[in-house]
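First the structure, in the form of structure tokens, and then the observations on it.
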């Protein structure tokens, strides 16, 4: 089966996968770590947000969410348009 797939698609078979469907996979004796760092960086770059400051929680510093008038609600950030 693997030989048939190798003939049809460009692929490399290893004992431990390093990537799968765009996710990076690393493992050690006790755990497996899966991340999408490369994908996240591509999304940030696509919407010119690579240099933005990161925050742990996207909320105003005073703890109050920004009030939005639903009648005039338009996307203010291009990343919201991608979903």
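The values are calculated or read from the model by the stated rules, or taken from the named source; none is laboratory data. In this text the structure is predicted, and so the values were computed from the model without any measurement. Here the Cβ positions follow ideal geometry from the backbone for every residue, glycine too, while neighbour counts run over all protein chains shown.
Take residue 78 and tell me if it is surrounded by 10 or more Cβ atoms within 10 Å (Cβ to Cβ), in contact with a strand residue (DSSP E or B) (Cβ under 9 Å, 6 or more places away or on another chain) and at pLDDT below 80. The answer is no for residue 78. Consider segment 22-35 and keep the residues that are part of a loop (DSSP other than H, G, I, E, B) and at pLDDT 90 or above. The one that is farthest from residue 50 (Cα to Cα) is 30. The conditions of being surrounded by 10 or more Cβ atoms within 10 Å (Cβ to Cβ) and modelled with pLDDT of 75 or more are met by residue 42.
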